[in-house]
Amino acid sequence: MDWKESSAGHGHSHGNDGQSCHGLHGAHSGHSHGFMPNFQFMQRGEAMLDPTQQPKKYTQIEDSSSWDIVKATQFGAFDRCKELVEAGYDVRQPDKENVTLLHWAAINNRIELIKYYLSKGAVVDQLGGDLNSTPLHWAIRQGHLQTVIQLMRYGADPSLVDGEGYAGLHLAVLFQNMPIAAYLMAKGQEVDASDANGQTSLMLAAQKIIGPEPTNFLLRCNASVNAVDKVNRNSPLHCAVLAGNVDSAHILLDSGASVELQNANGHTPLDLAHQVNSPMLIHMLDMVKNERKKSNTRCLRFLNSYQAVLQCVFSVCVMWALGAILDLNSESWLLKGVLLACLLAMINLSCRRLASATVQSLVPSTILIASIFWMFVTWCLWFLPDILYTHIHNLTSEVTWSHYGGANDVSPDCFGSSVLLPAYLQNRPWDCQGDRGGEEEGEHENIVVLAEAGCLDPRIFCTSCMMRKPMRAHHCFSCNSCIAKQDHHSLWINGCIGARNHHFFVLFLMTLNLLCSWMLYNCVMYWSQRCVSRASDGLWEMITELFTCSPWITYICIITLLHMAWASVTLAQQLYQIAFLGLTTAERASLLHGQRKLPPAYSLRQNPFNRGVLKNLVNFFQLRCCGLCKPLVLDWTQEIPMGLNRDHQMFNSLDPV
């Protein structure tokens, strides 16, 4: 973010390179930590400069011999600055606006000049400018991590406050420079340190920054969710409610923020939600308050302990009840409609009273488990007797092959393998922690080492997990973990698809499609033998006849079609991305989202991971074919492969960490 030219005379343009120089006073008038309406934070999807990259210097064609020392500092004309200092200019002398040369060097990320001025006696913590800030404060505002590191090496104190009462950590959070915030905390800054108004960084993030990242980051660093400020006794949840920040309020509630805590005026967060007239916050706080009251009962504690098993049993029972109502031996559709309405009302009541967010996340996966269970039951009770009858009839009549019996001659074994493999794969421990891209031990030491090595780049460092990310790793907010070579977060398995289970997921889709196809075939054969006795007059008449003949089989067929629809589409998409692109779903989505910023001729196939269709398939499935193929073996959870350049166009758009 560049400051515009100011009327003070020091907001110069960078001339030929087109980059504006950062002027202190233009910053004061235009931006103030998110308080001003025109303050805009840079979004993750926008193009960002490498935080370790030095700004462009002036072109050698332009003569700097006539520049004053302030302009030479802004443009990084080291030789001219050195010439003027050696001629007798005092580096500690502020200009007429109380801004020192070290301030100008820090705000423009001039590392060499910072070292030179400090070696000549510049005061590292000298206050200056309209906001009475130190050079470190301005480096933090601008997001110049290397300047921050250099100043702190020379003794800069990040705990000093500026004219607005903010210390270094507060500024890093307000300007959403999370790598700098991580570095400051790794160097010893307390996450719950308060500013001049007694507000912690978490309160400022909840009140002034829309979006989950700063709040998630601070909570990951063990920020207190129930700390209160000195003036109004507001907690972070109070601040989020007053600002209408639904994202932060949701995250704080999930982290255990108190909904009963009162401020200096005796108001709880729910009272403030009514004052600001926010229906969403009122509903959220009411629901959490009621859930916490109910959680103390013995019944709910038992339900929470076995919620996955109980949700699975509940899904099985609901699917049976729905099919049983349709299969009633009654021609009254009114009766069936009333029973279905009662069933839906019971489901709705149960979800409202008992279902938490965790239970709701289990719904798709438990529905799939229940569907596979009833497919198996249907096959055993409806299709298997016909198969056995056909075999017995063939033996007694000494017929070795009949149309229906021969077609189902291997159906027991085939169906058994088809139904057990999806059930096994669906219940595999798809553990997100198994795909984490690094270790959490000694994370402070790791942050310092990475920062001082110039590697605390958002493309490499995850500010949510506070660790270094391997290439192709993405942070999953559902699992709250970095997933190595993440493809996507799957609702059907309630977990992430990553480096260690991606090929299992593709196998799961294949077997699920096989199961659904086999069930559809058995349904058709069952209908052809038992239901269709005459030619139907039309499609609707045929459907009506089939439903009247066997409602349960029709019900199972519809469920099978629904699962086959999403499974076949997902399988086709996965195979296309694996074979023809060599990309994951997350990478493809990121590229498609940022394709407008790439050269027009850029294709998704032009990426460093695409090695051709055959090699892509061999590497993904680790096919060896008795030694004929040699797949590339890489542990994406432990290493960053050499020879893959992060400056490639596909890595320029940052993932939302």
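The values are calculated or read from the model by the stated rules, or taken from the named source; none is laboratory data. From a predicted model like this one, the values you see are computed outputs, not experimental measurements. For neighbour counting, all protein chains shown are included, and Cβ atoms are generated from backbone atoms with ideal geometry for every residue, glycine included.
In a residue-by-residue description of the stretch 347-364, the property of being more than 29 Å from CYS479 (Cβ to Cβ), assigned to a helix (DSSP H, G or I) and either out of contact with any helix residue (DSSP H, G or I) (no Cβ under 9 Å at 6 or more places or on another chain) or acidic (Asp, Glu) (or both) applies to at least one position. Residues that are crowded, with 24+ Cβ neighbours inside 10 Å and either not assigned by TED's automatic domain parsing to the domain that holds GLN275 or not polar (S, T, N, Q) (or both) within the stretch 220-239 comprise PRO236, LEU237, HIS238, CYS239, listed in sequence order.
One line per residue, one yes/no per condition, for (1) modelled with pLDDT under 85; (2) in contact with a helix residue (DSSP H, G or I) (Cβ under 6 Å, 6 or more places away or on another chain); (3) assigned to a loop (DSSP other than H, G, I, E, B):
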site	(1), (2), (3)
LEU562	no, no, no
ALA565	no, no, no
GLN574	no, yes, no
ILE578	no, yes, no
ARG611	no, no, yes
LEU617	no, yes, no
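In the stretch 255-269, the residues that are not assigned by TED's automatic domain parsing to the domain that holds ALA240 form no Cβ pair under 9 Å with any partner that is crowded, with 17+ Cβ neighbours inside 10 Å and of a type outside the set (A, V, I, L, M), whether six or more places apart or across chains. Of all residues in the stretch 161-178, those satisfying the criterion of being in a helix (DSSP H, G or I) and either modelled with pLDDT of 90 or more or not assigned by TED's automatic domain parsing to the domain that holds VAL225 (or both) are GLY168, LEU169, HIS170, LEU171, ALA172, VAL173, LEU174.
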